[in-house]
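Below is one structure, written out as structure tokens, with a few remarks after it.
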Amino acid sequence: MGTREERTRWFLQDRFGMFIHWGLYSIPARGEWIRGNERMSREQYMTYFDEFDASRYDPKKWASAAKAAGQKYAVLTTKHHDGFCLFDSKLTDFKATNTPAGRDLVREYVDAFRAEGIAVGLYYSIIDWHHDDYPGYGDKAHPDRDNEAAKDKPIDFDRYLEYMHGQVKELLTNYGKIDIMWFDFSYDNMTGEKWKATELIRMIRSIQPDIIIDNRLGGNIRAAELEEYAGDFFSPEQIIPPGGIVDVNGQSIPWEACITLNDNWGYHSEDKNYKSTQQVIRSMVECISKNGNLLLNVGPDAKGEMTRESLVILDEVGEWMRLNGDSIYGCGKSSLPKPEWGRYTQKGNKLYAHVYDRGIGPIYFQGLKGKIKKARLLRDGTELKVEVPWMAEEYSDVDGGAFITLKGAKLPDEIDTVIELELFA
Ligand code: H79
């Protein structure tokens, strides 16, 4: 089983993953929260169950898109808040095998991603709008409990917990080795032992000793004394924490920002508010420069295809990663402060300068005078000169910086030009 440090080692190396939100909500195509947001009744929502056919679902295509983008792990919504299961659970009828799709979609996902050498994660919503014994996430978001008749119906929450624990057990028993368990999420007093979290964690670790788990079952992952269920990594959503994530002693702890490509997790046919490839890459670099990972979301459509816009971004990210991946994988925060022209990532004595602002003249590296053994453009290996410009001693000696000359007026890569600095050991 090992320590958190041992369990998360691969995760901190890999740095970049694909999040996939896919389910019945992909049919109305207004985001994954549609049933809650629009107060849809169970009957209304069941019409999607009756037509979900996943007819163009080919997770091999997803896996090759992830692979080409340089993503090293993936996380799929096996059950979102709506309670619909993409897997063949024995504990419910509300599952893909009972829709026109008629297949266990999680099985195919696991197999396809494994075949590409991509680590496999499973998202599982502990909130459940379908189960009769779930109290609802607030009264507003649970359509069935808005209904006067349903409101006073007594619930047996233990029965829900048995169901939830049982499904997690199925997921971790039936699909071979699973690398990540991604729970979503605790709120108010619905946290920690409300989920029988210690028991749940022990069961998980007895089946999958090396699995890593997010921090959304509750507890305080930043504390000195950790609850057993506090999780292996912190999971900020739609935000990159300004200072990374540190524990109470100021030590960096594993974290992963999950970010959407447009403004929705689940497929939204009218949401064209996509981030640019440049934003995506620079955000990934920002995460790594703060010792974090990026889990980048895609929301495939009802048939199972990723949007054209998403595929273009993934493709462009991959093109950049192919040339600049050395500045990403296995890299983390540098001890140097953030430079004014961009960001640093670092791996041992290799310091990667991500230059966003070319300026004119040579680029200034504060604190590195006499410390650079070799400098090169990462994308093609071109040697770069560490020189002392005319009159440099008048200004560089002040804080011991070094200058590197970059030829031409423009950056060789507008997205992120990476200079690899090999430092003297
Ligand atoms: O699966 C994705 C989200 O659906 C889920 N977590 C990520 C990974 C998530 N669900 N809820 N939240 C995150 C936070 C709650 C947001 C809310 Fe709302 C604000 C719930 C009600 C108001 C956003 C806006 C969702 C519905 C309206």
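Structure summary
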item	result
Scan of segment 219-234 for residues that are touching a residue at least 24 places away in the same chain (Cβ under 8 Å) and either over 22 Å from Asp14 (Cβ atoms) or exposed (fewer than 14 other Cβ atoms within 10 Å of the Cβ) (or both), ordered by number	Gly219, Arg222, Ala223, Ala224, Glu227, Glu228, Tyr229
Among residues of segment 70-98, those that are within 16 Å of the ligand (Cβ to nearest atom) and not aliphatic (A, V, I, L, M), counted	10
Criterion: of a type outside the set (Lys, Arg), surrounded by fewer than 17 Cβ atoms within 10 Å (Cβ to Cβ), without any contact (Cβ under 8 Å) to a residue 40 or more places away in the chain and within 30 Å of Lys275 (Cβ to Cβ) - qualifying residue of Glu199, Glu237	Glu237
Yes/no for Phe113 being within 28 Å of Asp158 (Cα to Cα), crowded, with 16+ Cβ neighbours inside 10 Å and touching a helix residue (DSSP H, G or I) at 6+ places or on another chain (Cβ under 9 Å)	no
Test: residue in segment 162-181 that is in the same structural domain as Gly121 (by TED's automatic domain parsing) and within 16 Å of the ligand (Cβ to nearest atom)	yes
Given (1) within 16 Å of the ligand (Cβ to nearest atom); (2) touching a residue at least 60 places away in the same chain (Cβ under 8 Å), index of the condition Gly2 fails	(1)
Residue count for segment 288-303, restricted to those that are over 17 Å from Gly70 (Cα atoms) and buried (at least 22 other Cβ atoms within 10 Å of the Cβ)	5
Set Glu319, Glu305, Glu340: member being farther than 18 Å from Glu414 by Cα and acidic (Asp, Glu)	Glu305
Tally of residues being outside any loop (DSSP other than H, G, I, E, B) and closer than 18 Å to Ser186 by Cβ across segment 228-260	6
Positions within segment 7-33 being on the phi < 0 side of the Ramachandran plot and within 9 Å of the ligand (Cβ to nearest atom), in sequence order	Phe19, His21, Glu32, Trp33
Residue check for Ile404: within 29 Å of the chain's Cα centre (by Cα) and surrounded by 12 or more Cβ atoms within 10 Å (Cβ to Cβ)	no
The listed residue being more than 30 Å from Gly348 (Cα to Cα), more than 16 Å from the ligand (Cβ to nearest atom) and touching a residue at least 60 places away in the same chain (Cβ under 8 Å), out of Ser327, Ser269, Ser276	Ser269
Hits in segment 241-290 (condition: aliphatic (A, V, I, L, M) and closer than 27 Å to Tyr25 by Cα)	Ala257, Ile259, Leu261, Val280
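The values are calculated or read from the model by the stated rules, or taken from the named source; none is laboratory data. Not measured: the values here are computed from a predicted model. Positions of Cβ are backbone-derived with ideal geometry, glycine not excepted, and every protein chain shown enters the neighbour counts.
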